[in-house]
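Below is one structure, written out as structure tokens, with a few remarks after it.
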Amino acid sequence: MNRISTLLTGVMLAFSNSAIATTAAERSDLNLRPGVSDISLEVYDLHMLMFWICVVIGVLVFGVMFYSMVMHRKSTGAKPANFHENVKVEVLWTIIPFVILIAMAWPAATTLIAMEDTSEADVTILVTGSQWKWHYKYQDNPDVEFFSLLATQQEQINNKFTKGENYLLEVDRPLVIPTGKKVRFLITSDDVIHSWWVPDFAIKKDANPGFINEAWTNVNEPGIYRGQCAELCGKDHGFMPIVVIAKGPAEYSTWLQEQETAAIRANEEEQRLLAMNMSMDELMTQGKKVYDTACVACHQANGGGLPPMFPALKGSKIAMEKQNIPVHIDYIINGKNNMPAFGKQLTMSEIAAVVTYERNAWGNNTGDMVQAKDVNLMINGK
Amino acid sequence: MSTETVNEAHDSDDGHDAHHEHHIPKGLLRWLFTTNHKDIGTLYLWFAFIMFLIGGAMAMVIRAELFQPGLQIVDPHFFNQMTTVHGLIMVFGAVMPAFTGLANWLVPMMIGAPDMALPRMNNWSFWILPFAFLILLSSLFMDGGGPAFGWTFYAPLSTQYSGDSTALFVFSVHIMGISSIMGAINVVVTILNMRAPGMTYMKMPLFVWTWLITAFLLIAVMPVLAGAVTMVLTDKFFGTSFFDAAGGGDPVMFQHIFWFFGHPEVYIMILPAFGIISAIVPTFSRKKLFGYASMVYATASIALLSFIVWAHHMFTTGMPVAAEMFFMFATMLISVPTGVKVFNWVATMWRGSLTFEVPMMFAIAFIVLFTIGGLSGLMLAITPADFQYHDTYFVVAHFHYVLVTGAVFSIMAAVYYWLPKWTGKMFDITLGKWHFWCSLISVNLLFFPMHFVGLAGMPRRIPDYALQFADINKWVSIGGFAFGLSQLIFLVLIIKACRKIGEPVSDQVWEGAEGLEWEIPSPAPYHTFETPPFIK
Ligand code: HEM
Ligand SMILES: [Cu+2]
Ligand SMILES: [Cu+2]
């Protein structure tokens, strides 16, 4: 082969080699990761196989073309040949690609069948997406369920603080799963379509409202695995990461037990709070905290919202007029139109606090106070 | 192919021709009322170019925001509007009208017809387009902003969760659809009925063939798109629930309908490009196109297969395994006829007598870069791997290789190739070469590294990203700005050409060019082939 095509081949190989070399690293910045399950490794191998086949095809086709570009130039006196068809060649280059395709389709099909077999799972977790957070529920331990929200500070996103190592890939409460067990995910959504993606498990499955999808993994190594929502789901689609911690089975059971006791304790605490009144200061402090995590994305830090999509709460009738207090609470518990329901995500005292906060922040100074028992009255009628 | 007689309107001094000449209105009215295929072609091409610049400006906003991690320039809601409207404008405003413009200019000249078959409809199909895009662009200034659900407008994001501008979006897509269908009908009727005597189907230039097949695809799928937007409209405003599970509908059904349109749509944007490359490569190889018949059959099989692969865009939606397998195999199958095309172009160059004028440079870049896009497409067809690639920057890289270095490069190649025929003057070759090299380098800096960030895990349609993607995104943005600026060279070149600055050219323009359009004078007279030529 002549100089130019050799050079080209060299460049392509160098490119691909550098991509390969880095895959050994834990987190490659240039290539797919082999991941931490047998399936993810199979997918990775499939990807590399495809990649190399494509490189070879590319080198061959472009090699021939560049050879011709150098050798068959008019300026070097090349005279055009006369041929313009050749049935044999044409049939050949229809059949050969066909055979290559079958060779690729076979391993792809076997991997695919394995990936879609969600039967006989040891642990089942219901994953629910909503704008813009994930909710996890352990089907075998119904007390254990929680929301998982972006934990990166707003100030980092707005370039006021320096960005941390896991910028945009960190959550307040990660999902925890056991290693060495078949974990099945049931995936759905409360509003628009989201997509639950953890690259290290080779799982990407859409969360469709009103339907349930299934996926599974069996993780080999304990560790922290990070992913993101992969389907455009509105304004903060870029800000709903996924973090999964895989723990050894023993550690996992301990964790699960802790979660169950914590859930029971939280319930008791809730009952205790129902019986007492919080002061305005306490309500405002807690209310701001809740507002900044749960409401700020839509209604904004200054309460101005993003009308007409997300109404302003500052000066809003619902947040200002006394007779609207039940309506205000109801909005938060049950949601309305595109306002998500927070009845599951927030405790009654948190709802009370955020309502009080909204009625007294940004110059809404109504002086109204709402207590957990008022919220309880709305939810349970007592 | 050669002609026995070539009639030129201007040579004849009979009263009929003179009559034509004197009634061309001047100024704006000429363009508003014109039914001349060349005028309408010019209108389409200018419109497409302006849309390309507007859509490009939006891409610059996107790339500026993604230059660094963190939110700097726009808020996420506006970012989503930019990606959405950028995609819509590039697909429906730039690439499709540019191909229709080329069809208008070239199809009649290539088949020896005096004009398009339905000239008044031709005028309409162009003139409703600017309104469609005015409506779309004006929606960006509405309260709550313009469409922000991606050019794929998946329900329920586009129904229950969208702003009121959705109504404008739907209306403008309807107008674009009507325009495309009218344009397509015109192409079909012209090709079927107005070929000069002796111009049998298997003698038609490939550009005519590919456009004929494209036109059938358009007629088949644009109504499906119209149906999809109408259902979005009624779901949002009139209480239906086609796509709302709570009312018995299904959001995934939206995606089936959309991609049943969407996949043939991507072939609508690439088949005419195949025709262009099949015209340019033989000219500058001074050798006949290799495998003409197999090119025709390959085009037809691609078009047919394009109807049974749509769900390869939906592997992650949770289809049954059997369906996933079917769509995987069918998609892989498409690469066979596509490969045949590429092999034929290479075989055409093989043992030719090659020169590298500007159109040929773009054509060669097309062959290499489009093939890279095709190969990444083959990777995407492998379902288990697609689970990893889907909705990441790997996909963004893939479709920009086929659309920008594919469709857009072919359009630029076509403009450079036929521009001297249209204006009668050679364009500024130095500027053309600058345009080529700047575009080639920057476009690869722009799109090639996107493969890597995609594989490393960066989702698409996000305004901010994790730190490990920062380095590559910086380079990609620099490539983006450079590519955007490079197009200004093209703008200058085109303006010079339109003002007829340059050396006069011969009728054949390019040594080695064959076909009816090279046998009429340069510049092509306002009316050509009023008496049909006879093709031996
Ligand atoms: C000027 C050069 C261009 C640049 C810098 C550019 C850049 C981009 C970027 C950054 C995105 C957003 C990706 C995402 O966040 O998902 C995008 C999307 C897109 N672009 Fe381009 N692009 C260019 C030209 C084109 C052209 C010429 C076409 C069509 C022929 C095109 C078609 C699309 C489509 C269909 C989308 C998807 C929109 C969506 O996500 O809904 N682009 N482009
Ligand atoms: Cu999302
Ligand atoms: Cu497709």
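The values are calculated or read from the model by the stated rules, or taken from the named source; none is laboratory data. Everything quoted here is computed from the prediction, not taken from an experiment. Every residue, glycine among them, receives a Cβ derived from its backbone with ideal geometry; neighbour counts consider all protein chains shown. Heavy atoms of the whole protein, side chains included, go into the accessibility calculation; ligands, DNA and RNA do not. Shrake-Rupley method; radii C 1.70, N 1.55, O 1.52, S 1.80 Å.
Between the Cα long axis of helix B:393-402 and the first principal axis of chain B there is an angle of about 10°, rounded to the nearest 10.
Before I look further, what does the range A:81-146 give for accessible area per residue, probe 1.4 Å, in whole square angstrom? Walk me through the numbers on the way to the answer.
Details: 3400 Å² over 66 residues.
That works out to 51 Å² for each residue.
State whether the range B:147-224 is rounded, prolate or oblate according to the following rule on the C-alpha gyration tensor (a ≥ b ≥ c being the square roots of its eigenvalues): a/c under 1.5 gives rounded; otherwise a/b larger than b/c gives prolate, and the remaining case gives oblate. Cα axes put the range B:147-224 in the prolate bin. Take the Cβ-Cβ distance between B:MET202 and B:ILE50 as r, set R0 to 41 Å, and report the resulting FRET efficiency rounded to the nearest 0.05. The value I calculate is 0.60.
Remark: the range B:285-423 carries 21 Å² of accessible area per residue (probe radius 1.4 Å; ligands, DNA and RNA excluded).
Rounded to the nearest 100 Å², what is the buried accessible area between A and B, both sides summed, probe 1.4 Å? Intermediate results must be reported in sequence, preceding the final value.
Numbers: alone 22030 and 21200 Å², together 35070 Å².
When A and B are taken together, about 8200 Å² of accessible area is lost.
Mind running the shape call on the range A:279-382? Use the C-alpha gyration tensor, a ≥ b ≥ c as the square roots of the eigenvalues: rounded below 1.5 for a/c, prolate if a/b tops b/c, oblate otherwise. It is rounded, given that a/c, with a ≥ b ≥ c, falls under 1.5.
Against chain B, whose longest principal axis is taken from its Cα atoms, helix B:358-381 shows a tilt of about 30°.
Among A:43-50, B:238-245, B:91-98, sorting by the average number of other beta carbon atoms lying within 10 angstrom of each residue, highest first, gives B:91-98, A:43-50, B:238-245. Summing +1 for each Lys or Arg and -1 for each Asp or Glu among the other residues whose beta-carbon sits under 10 angstrom from that of A:VAL144 gives -4. The mean number of partner chain beta-carbon atoms within 10 angstrom of a residue's beta-carbon across peptide B:470-477 is 1.
Across all C-alpha atoms in the protein assembly as shown, the radius of gyration and Dmax reach 30.3, 104 Å. Here the 3J(HN,Hα) profile of the range A:348-356, calculated from phi with Karplus coefficients 6.51, -1.76 and 1.60 at θ = phi - 60°, is 5, 5, 5, 4, 4, 5, 5, 5, 4 Hz, Gly and Pro shown as x.
Remark on A:GLU116: its backbone amide H falls under 5 Å from none of the residues 5 or more positions apart or on other chains, H modelled at 1.01 Å from N.
Rounded to the nearest 10 square angstrom, B:MET412 shows an accessible area of 10 square angstrom against a 1.4 Å probe.
The mean number of partner chain beta-carbon atoms within 10 angstrom of a residue's beta-carbon across peptide A:300-309 is 2.
With the alpha-carbon atoms of chain A aligned to their principal axes, the span from lowest to highest coordinate is 94, 50, 38 Å, starting with the largest.
For the protein assembly as shown, what is the calculated [θ] at 222 nm in deg cm²/dmol (nearest 500), taking -39500 (n - 2.57) for each run of four or more DSSP H residues and dividing by its residue count? Working shown, then result.
On the way: 30 runs with 505 residues, N = 918.
Calculated mean residue ellipticity at 222 nm is -18500 deg cm²/dmol.
In a fully extended conformation the segment linking B:TYR526 and B:LEU467 would gain 15.4 nm over its present Cα-Cα distance, using 0.36 nm per residue.
Around the amide H of B:THR392, modelled in the peptide plane, lie the amide H atoms of B:ARG460, all under 5 Å away and 5 or more residues distant in sequence or on another chain. Averaged over the residues of A:189-200, the number of partner chain Cβ atoms lying within 10 Å of the residue Cβ comes to 4. With every protein chain in place and a 1.4 angstrom probe, the accessible-area ranking of A:THR261, B:THR84, largest first, reads A:THR261, B:THR84. Residues whose amide H falls under 5 Å from that of A:HIS194, counting only those 5 or more places apart or on a different chain, are A:ALA207, with hydrogens built in the peptide plane. The apolar share of the surface of chain B, taken as the fraction of accessible area on carbon and sulfur atoms (1.4 Å probe, ligands and nucleic acids excluded), comes to 70 percent. The alpha-carbon positions of chain B define a convex hull whose volume is 145 Å³ per residue. In this simple spin-label model, placing a label point 7 Å from the Cα along the Cα-to-Cβ direction at both A:ASP117 and A:ASN158 gives a separation of 5.3 nm. Here the Karplus relation 6.51 cos²θ - 1.76 cosθ + 1.60, evaluated at θ = phi - 60°, turns the backbone of the range A:278-287 into coupling constants of 8, 7, 4, 4, 4, 4, 5, 5, 5, x Hz, with x for every Gly and Pro. All alpha carbon pair distances within the range A:31-94 were sorted into 10 Å bins beginning at 0; the resulting P(r) in whole percents reads 17, 25, 25, 16, 12, 5.
Using 20 Å as the Cα-Cα cut-off, could you pick out the over-long pairs in B:LYS38/B:LYS500; A:LYS235/A:LYS288; B:LYS38/B:LYS425; B:LYS203/B:LYS287; B:LYS287/B:LYS341? Each step should come with its number before you reach the end.
On the way: B:LYS38/B:LYS500 16 Å; A:LYS235/A:LYS288 22 Å; B:LYS38/B:LYS425 17 Å; B:LYS203/B:LYS287 16 Å; B:LYS287/B:LYS341 16 Å.
Beyond 20 Å: A:LYS235/A:LYS288.
With all protein chains in place and a 1.4 Å probe, the accessible surface of chain A carries 59 percent carbon and sulfur.
Can you bin the range A:219-265 into rounded, prolate or oblate? Criterion: square roots of the alpha carbon gyration tensor eigenvalues sorted a ≥ b ≥ c, rounded for a/c under 1.5, prolate for a/b above b/c, oblate for the rest.
Values: a/c = 4.82, a/b = 1.66, b/c = 2.91.
Oblate, since a/c reaches 1.5 and b/c is not below a/b.
Contact residues in the range A:39-64 (at least 50 Å² less accessible area with all protein chains than alone, 1.4 Å probe): A:HIS47, A:MET50, A:CYS54, A:VAL61, A:PHE62. Measure off 7 Å from each Cα along the Cα-to-Cβ vector at B:LYS500 and A:ASN337, then give the distance between these two points in nanometres to one decimal. Result: 6.0 nm between the two label points. Using the Cβ-Cβ distance between B:ILE219 and B:GLU511 with R0 set to 35 Å, the FRET efficiency from 1/(1 + (r/R0)^6) comes to roughly 0.35. For A:THR366 and B:PHE141, a Förster radius of 35 Å and the Cβ-Cβ distance give a FRET efficiency of 0.50, rounded to the nearest 0.05.
Taking label positions 7 Å along the Cα-Cβ direction at both B:LYS474 and A:ASP38, the computed distance is 4.4 nm, reported to one decimal. For the protein assembly as shown, a simple Cβ point-charge model (Lys and Arg +1, Asp and Glu -1, everything else neutral) yields a dipole of about 1980 debye relative to the Cα centre.
Distance from the Cα centroid of the range A:266-295 to that of the range B:296-311 is 61 Å (rounded to whole angstrom). In order along the range B:496-510, the phi-based Karplus estimate (6.51 cos²θ - 1.76 cosθ + 1.60, θ = phi - 60°) of 3J(HN,Hα) comes to 4, 5, 5, 8, 6, 8, x, 5, x, 10, 6, 5, 7, 6, 10 Hz; Gly and Pro are listed as x.
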